[in-house]
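Novice: Before I ask anything, let me first share the structure, which is written out below as structure tokens.
None of the figures in this text is laboratory data; all of them are computed from the coordinates on show. Just so we're clear, the structure is a prediction, and the values are computed from it rather than from any experiment. No Cβ is skipped: glycine too gets one built from the backbone with ideal geometry, and neighbour counts run over all protein chains shown.
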Amino acid sequence: MARMLREVLYVDGARTAFGRAGPGGLFWKTRADDMAVKVVRELLRRNPTLPPERINDVIMAATAQVGDQGLTLGRSVALLAGLPTSVPGFAVDRMCAGALTATTAGAGEIAMGAADVVLVGGVEHMGHHPMGEEVDFNPRFVAERLIDESAAVMGQTAENLHDAFPHLTKEAADAYAVASQRKAAQAWENGVMDGIVVPMAVFTDEGWTLAARDEFLRPETTMEALAGLRTPFRAGGRVTAGNSAGLTDGATAALLASEEAAAELGLEPQMRLVAFAYAGVQPELMGLGPVPATERVLERAGITVDDVGLFELNEPFAVQVLTWCDGVGVAPDDPRLNPYGGAIACGHPLAATGVRLMAQLARGFRDRPEVRYGLTALCIGLGMGAAILWENLHARG
Amino acid sequence: MASPPTLFKLRRVETEAGPLALVTMDNGEDWRKPNTFGEAALRSLEEALDAIEQEAWAGLVLTGKPFVFAAGADIDEFGEITPERAREGGEAGHALFGRIRALPFPTLAAINGAALGGGVEIALHCDFRTISSSVRHFACPEVLLGLIPGWGGTQLVPRLVGAEQAVRFIVENPLRQNRMLTGPAAFEAGFADALLEPVEFLDESLAWLQRAIAEGRSPRPPADLADTAEVVRKARARLDGQVHGAALAPYRALDLIEGAATWSLEEGYRAEEDALAELLPGPQAQASLYAFYLVERRAKRGAGIPEAEPRRVQKVGIVGAGLMARQLALLFLRRLEVPVVLRDLTQEQVDDALAWIREEVAGLVRKGRLSEGKARFLSSLASGGTSWDLFAGCDLVLEAVFEELAVKQEVFRELERVVSPECVLATNTSSLSVTALGAGLAHPERVVGMHFFNPVAVLPLVELVRTPSTDDVTLATAWAVTRKLRKTAVLVRDAPGFVVNRILARQGAVVTDALDHGNTVEETDEAVLRLGVPMAPSVLLQLVGPKVANHVRHTLHEAWPERFPLSPTLESLARGGEPVVVEHAPRTVDELHQAVLEALADEISHILEEGVVAEAADVDTCLLLGAGYPFWLGGITKHLDQTGVSQRVVGRPLAEVRPARVPA
């Protein structure tokens, strides 16, 4: 039986403010699943023409799928958010590309005709679930030298990038970080984030308050200040708290729909999913992953990097972005790259980040109708990369 | 045990409507220890108000820590209080809550969880209220505790929801088993301006206030109180019928509600302070606080229950299929959800009981309290027949057959042939010796009394009767089962009539003696009802049945002939006859009332000296939970001690009477 694939559209996306992980952070006394519920309900509120029972699946990503991120998140979040019991859900994990993987999985359901509308997203409460804490590494990884030991510590993989590409200096990384903070501060000032970040009441030791702004923002960051920071991953290293993303609590969610369902339900789609790709690299050079993923997705779409007008790249480490820039031929200060700042400024709640990139890309598309294509990409622990290519539905001509 | 102080934590929240003061009531504990207002909490509120009043705000939101708003004044600070301190406490609350009311910007109480007493009152001092649909406890229970809502409740509730609702909320609900409102019911009654889902309750409350600010919304105009005098007059009449003038607080609360129609709020505050100074140190409030402590804390801890690990109960047997037996079978079925087998002499009796159980289960489905599937499952668990072999594999068998020693002994002998040596053998006997029932068994250590009260679904008490042989595991198992049945057990030693029936029978002896001497039923009823107990002795006698009552009298007469004389009237009633006047020498109702009190004090002193229970608190717990004695008497011993009856009859307060010998 011949069948037509259907177009997959990104309709809307939202996130919580991103908080500092740990007892002093905004979300320390808030559950991860409640954070995911908050963004899901925000999407329903913002898209009132969507009858909740028309959502065919809820796909939620988390890296640590235990505790308040356990219990098949997609389904439990659907129930907790008050969706009808007829709406199913599941959980996915591809570490930092969790939400991106939820998106491509949902896109697959829509393209196949298995679903009309899918909710995707991710949550990571790194305060409740410090990275690797609940993981039992197989001793064979080390005994059989399947991976370099440094591959397990993301900061060390970033130091490895500096080693592998000596022309990517600490100064360049710091300069990139300062720019990211500056761009993020501007975006907040210009109200860009108001349409993306949903304030959430959170309980703290000092009483209830409103989590409305990212905790890692440091608009005043200077090169001088960054130069003096400690290098926690090795003595004499180059990776610091200033040129990398902090440990973060946050949740994101986005609404995907088939072209037909979007029209039928009166939704206002922002982007069309053109192509996506995942790729693997040496685990100890994890940050290289987005380079082959980008190359592959451009090849599949039959366009070149010059045809892409916006890049939303994750920024776990400034050197990782520099590596990608180097690999695909984009200058680190190219205005197409992360125009609203990145994870160095806002934080990186692992599995949640993918939808943040999409939400910022959608906003960038709206601000730049001359742009037709945009890319969301990130690197993934254990040596992988992910990239999704999107088309601007607001593009002129 | 000092509870942690509840603090008023102020945070500034920037919104489109401007800066909001977000105030959280939080004692730093989880929901199991609710926020309460003690002296430290009021100091914290004062500090928060000092800070709030110094700044410009667009509005204020007052809410509680997760799942709890505030449970009201800290009653641990109420014991042995002086009238002066009671008045000061009222004044302090009025002054601080009044400052919230006077804030020059819109204020919202976001009632996110349980709100009781002072918690309701602080919310009433805000301009607006949102309430979560998940709230299960919204009430002013003060009248139950012999008090009135004295931080503005009696004045603001009628102004907000009218006199009719105020009477129900402040006076009638507390006296109806402390009935509380849910969030939706409170909204329906007009206590809140918006009913919001719990999932984003505070976010939506913040948004609600911002909209109210933007729209310049005013608080609702006060309710029309023109009908107050008439409403209160009718309420007083209903109250007379219920408590016979015995309880002070509900009458005082009605006075205050009536006053609200004409007083200024300040005048109302002063009247509340007068009432607090009178009531709080008074005997009824102090007795009520004692009763509250017994029922809510002490009884739930299980005073005297051994630490042993209870056995698992996976199959239950009920011997008998009569009225009590089938009620018990239904209770075990619903709460334990394990197979329950009934056995009686004929299959017809058993089938009749099973049909009754299935009909009751079906009734729960009709009321929406059970799903059809669950009902089908529960019904499938009930079975029965005439063979003793049915009880094989039971972990607990409770007998509820005819009250006759030989019959019950035979039941236990038959049971021991089919059940394991560990199976708990329990009896629901009300007057026979549990020790005698277990005599001759190979394993008397697993015999225990579990004395339920009729109607089983209503009365929460189980007298847990230990014999000299009963071992710790058996007691622990029976206790654990009682908890699962959502009943409250009081541990008693095996003695005729245990506690409740012995005390009621002694009271009954005064009544039948009066009838034997020419007093009317109306007079004897009034003499007892004057205590404030829920049921007249004549009604109680009909419920129990004169035959059973006389049987109990005979049992107790055998043990203590001088205190439990046989009564010609009771003998006649048991045979279906009329009261018999032996000698025409009626006493006044006052004299009868005194005679009842003295008889109670005397009998309780014997119960305590014999070590039937460990202390007077156990007697009171039994009467509160098994006979519906009112809080304001503190069961009964508090009242007897307070009024000097104990001193006169026993020579000392009952609270000080301890077992004369170590209980077996």
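Novice: Using only Cα atoms and rounding to the nearest 10 degrees, what angle (0 to 90) does helix B:472-484 make with the longest principal axis of chain B?
Specialist: 50 degrees
Novice: A further question follows. Once R0 is set to 56 Å, what does the formula 1/(1 + (r/R0)^6) return for the Cβ-Cβ distance between A:Glu260 and A:Ala331, expressed as a FRET efficiency to the nearest 0.05? Can you show the working numbers first?
Specialist: Numbers: r = 40 Å, r/R0 = 0.72.
With R0 = 56 Å, the Cβ-Cβ based efficiency is 0.90.
Novice: Out of all Cα-Cα pairs in the protein assembly as shown, roughly what percent, to the nearest whole number, are more than 39 Å apart?
Specialist: When every Cα pair of the protein assembly as shown is considered, 60 percent fall beyond 39 Å.
Novice: Please work out the C-alpha center-to-center distance from the stretch A:143-192 to the stretch B:473-518 and express it in whole Å.
Specialist: 76 Å
Novice: Test of the criteria: in the stretch A:3-68, which trypsin sites (Lys or Arg not before Pro) are in a DSSP loop and have at most 10 other Cβ atoms within 10 angstrom of their Cβ?
Specialist: Sites meeting the loop and neighbour criteria: A:Arg3.
Novice: Determine ³J(HN,Hα), in whole Hz, for all residues of the stretch A:234-248 in sequence, where each value follows from phi through the Karplus function 6.51 cos²θ - 1.76 cosθ + 1.60 and θ = phi - 60°; x replaces Gly and Pro.
Specialist: 6, 5, x, x, 10, 8, 10, 4, x, 10, 9, 7, x, 6, 10
Novice: Just check the stretch B:10-113 against the gyration tensor rule for me: Cα atoms, a ≥ b ≥ c as the square roots of the eigenvalues, rounded for a/c under 1.5, and otherwise prolate or oblate depending on whether a/b exceeds b/c.
Specialist: Numbers: a/c = 2.69, a/b = 1.48, b/c = 1.82.
Oblate, because a/c is 1.5 or more while a/b does not exceed b/c.
Novice: DSSP loop trypsin sites (Lys or Arg not before Pro) in the stretch B:207-291 with at most 16 other Cβ atoms within 10 Å of their Cβ, which ones?
Specialist: Numbers: sites: B:Arg211, B:Arg217, B:Arg233, B:Lys234, B:Arg236, B:Arg238, B:Arg252, B:Arg270; in loops: B:Arg217.
Hits after loop and neighbour filter: B:Arg217.
Novice: May I ask you to derive the FRET efficiency for B:Glu77 and B:Asp50 from their Cβ-Cβ distance with R0 = 30 Å, giving the value to the nearest 0.05?
Specialist: So the FRET efficiency works out to roughly 0.85.
Novice: Can you find, among B:His554, B:Gly577, B:Cys622, the residue farthest towards the positive end of the dipole of the stretch B:537-627? Put +1 on the C-beta of Lys and Arg, -1 on that of Asp and Glu.
Specialist: It is B:Gly577.
Novice: Run the simple label-point estimate for B:Glu307 and B:Glu88 please: 7 Å along Cα→C-beta, distance reported in nm.
Specialist: 4.2 nm
Novice: Looking at the stretch B:271-316, which GluC sites (Glu not before Pro) are in a loop (DSSP not H, G, I, E or B) and have at most 11 other Cβ atoms within 10 Å? List each step's numbers first, then the result.
Specialist: Values: sites: B:Glu272, B:Glu273, B:Glu278, B:Glu296, B:Glu307; in loops: B:Glu307.
Answer by residue number: B:Glu307.
Novice: Still on this structure, please answer the following. For the stretch A:47-53, just list the computed ³J(HN,Hα) in residue order, Karplus coefficients 6.51, -1.76 and 1.60, θ = phi - 60°, integers in Hz, with x standing in for Gly and Pro.
Specialist: Taking θ as phi minus 60°, the curve returns 10, x, 7, 8, x, x, 5 Hz for the stretch A:47-53.
Novice: What is the set of long-range amide H partners of A:Leu210 at a cut-off below 5 Å, with H atoms built 1.01 Å from backbone N?
Specialist: Placed amide hydrogens put A:Val202 under 5 Å from A:Leu210.
Novice: How large, in Å, is the stretch A:76-134 by the Kirkwood hydrodynamic radius built from its alpha-carbon pairs? Walk me through the intermediate numbers first.
Specialist: Details: mean 1/r = 0.0769 Å⁻¹.
Mean inverse Cα-Cα distance, inverted, gives 13.0 Å.
Novice: Which whole-number percent of Cα pairs in the stretch A:194-289 have a distance greater than 18 Å? The partial results should precede the final answer.
Specialist: Working: 3325 of 4560 pairs.
Cα-Cα pairs of the stretch A:194-289 separated by over 18 Å account for 73 percent.
Novice: Between A:Leu298, A:Ala395, A:Gln320, whose Cα lies farthest towards the positive end of the dipole of the stretch A:288-397 when Lys and Arg beta carbons carry +1 and Asp and Glu beta carbons carry -1, centred on the Cα centre?
Specialist: Of the listed residues, the answer is A:Ala395.
Novice: Whole-Å semi-axes of the stretch B:555-611's equivalent ellipsoid, largest first, each the root of 5 times a Cα gyration tensor eigenvalue? Mind showing how you got there, number by number?
Specialist: Working: eigenvalues 117, 66, 14 Å².
After scaling each eigenvalue by five and taking roots: 24, 18, 8 Å.
Novice: Is the shape of the stretch A:76-193 best called rounded, prolate or oblate, per the rule: a/c under 1.5 gives rounded, else a/b larger than b/c gives prolate, else oblate, with a ≥ b ≥ c the square roots of the Cα gyration tensor eigenvalues? Mind dumping the intermediate values first?
Specialist: Working: a/c = 2.23, a/b = 1.32, b/c = 1.70.
Note, shape of the stretch A:76-193 comes out oblate.
Novice: A follow-up question, please. Mind jotting down the distance between the C-alpha centroids of the stretch A:1-30 and the stretch B:247-277, whole Å?
Specialist: That distance is 56 Å.
Novice: Using only alpha carbon pairs under 8 Å that are at least six residues apart, calculate the relative contact order of the stretch B:86-189 and give it in whole percent.
Specialist: Dividing the mean separation by the residue count of the stretch B:86-189 yields 27 percent.
Novice: Can you give the log10 of the normalised intensity I(q)/I(0) at q = 0.08, 0.09, 0.12 Å⁻¹, computed with Debye over equal Cα scatterers of chain A?
Specialist: Summing over Cα pairs of chain A leads to -0.37, -0.48, -0.88.
Novice: What number, in percent, do you get for the relative contact order of chain B if the mean sequence gap of Cα pairs under 8 Å and at least 6 apart is divided by its residue count?
Specialist: 10 percent.
Novice: With θ taken as phi - 60° and the coefficients 6.51, -1.76 and 1.60, list the Karplus ³J(HN,Hα) couplings across the stretch B:520-534 in order, rounded to whole Hz; mark glycine and proline as x.
Specialist: Computed from phi, the couplings for the stretch B:520-534 are 8, 4, 4, 5, 5, 4, 5, 4, 8, 4, 4, 5, x, 6, x Hz.
Novice: Could you tell me the largest-minus-smallest coordinate of the C-alpha atoms of the stretch B:228-374 on each of the three principal axes, in descending order and whole angstroms?
Specialist: If we take the Cα atoms of the stretch B:228-374, the spans are 68, 42, 30 Å.
Novice: Here is a follow-up. If amide hydrogens are placed 1.01 Å from N in the peptide plane, which non-local residues have theirs closer than 5 Å to the one on A:Gly113?
Specialist: Under 5 Å from the amide H of A:Gly113: A:Arg6.
Novice: Quick query: amide H of A:Asp12 versus all other amide H atoms, modeled in the peptide plane; which residues come in under 5 Å with a sequence gap of 5 or more or a different chain?
Specialist: The answer is A:Leu255.
Novice: Between B:Asp224 and A:Thr304, what is the label-point separation in nm under the 7 Å Cα-to-beta-carbon projection?
Specialist: 8.3 nm
Novice: Taking the Cα centre of the protein assembly as shown as origin, sum charge times position over the Cβ atoms of Lys and Arg (+1) and Asp and Glu (-1), and report the length of that vector in debye to the nearest 20.
Specialist: Details: 99 positive and 138 negative charges, 296 e Å.
Value, rounded to 20: 1420 debye.
Novice: Another question, if that's okay. I need the per residue convex hull volume for the stretch A:1-56, using only the alpha carbons, in cubic angstrom as a whole number.
Specialist: Working: hull volume 8.1 nm³, N = 56.
It comes to 145 Å³ per residue, whole-number rounded.
Novice: Note down the magnitude of the dipole of the stretch B:352-491 about its Cα centre, charges +1 on Lys and Arg C-beta and -1 on Asp and Glu C-beta and zero elsewhere, to the nearest 20 debye. Let's see the in-between values first.
Specialist: Numbers: 15 positive and 17 negative charges, 161 e Å.
That gives a dipole near 780 debye.
Novice: For the stretch B:513-641, what's the relative contact order in percent, using C-alpha pairs closer than 8 Å and at least 6 residues apart?
Specialist: Numbers: 129 pairs, mean separation 36.9, N = 129.
Relative contact order for the stretch B:513-641 comes out at 29 percent.
Novice: As an exercise, find the ratio Rg/Rh for chain B from alpha-carbon atoms, using the Kirkwood inverse-distance average for Rh.
Specialist: Values: Rg = 27.7 Å, Rh = 27.3 Å.
Dividing the radius of gyration by the Kirkwood radius yields 1.02.
Novice: For the stretch B:247-307, what does the convex hull of the Cα positions come to per residue, in cubic angstrom? All intermediate terms of the calculation are to be shown ahead of the outcome.
Specialist: Values: hull volume 5.8 nm³, N = 61.
Spread over its residues, the Cα hull of the stretch B:247-307 gives 96 Å³ apiece.
Novice: Using only Cα atoms, find the angle between the long axis of helix B:616-626 and the longest principal axis of chain B, and express it within 0 to 90 degrees, rounded to the nearest 10.
Specialist: With rounding to tens, the tilt is 90 degrees.
Novice: Rank-order B:521-533, B:149-161, A:137-149, B:281-293 by packing density, defined as the average count of other C-beta atoms within 10 Å over each peptide's residues, highest first.
Specialist: Working: B:521-533: 19.5, B:149-161: 26.6, A:137-149: 11.6, B:281-293: 22.0.
Descending packing order for the listed peptides: B:149-161, B:281-293, B:521-533, A:137-149.
Novice: Along the charge dipole of chain B, pointing to its positive end and built from +1/-1 on Cβ of Lys, Arg, Asp and Glu, which listed residue (B:Trp388, B:Asn501, B:Leu96) has its Cα farthest out?
Specialist: B:Trp388
Novice: Could you state the number of Å between the C-alpha centres of the stretch A:217-245 and the stretch A:341-388?
Specialist: 23 Å
Novice: Related question: If one takes the longest principal axis of the Cα atoms in chain B, at what angle in degrees, from 0 to 90 and to the nearest 10, does the Cα axis of helix B:347-366 lie?
Specialist: Helix B:347-366 sits at roughly 0 degrees to that axis.
Novice: What spacing in nm lies between the two simple spin-label points modelled at B:Gln594 and B:Asp274, each 7 Å away from Cα in the Cβ direction?
Specialist: 3.3 nm
Novice: Looking at chain A as a GNM with Cα springs under 10 Å, which of A:Thr323, A:Thr353, A:Thr49 has the largest mean-square fluctuation?
Specialist: Looking only at A:Thr323, A:Thr353, A:Thr49, the biggest GNM fluctuation is shown by A:Thr49.
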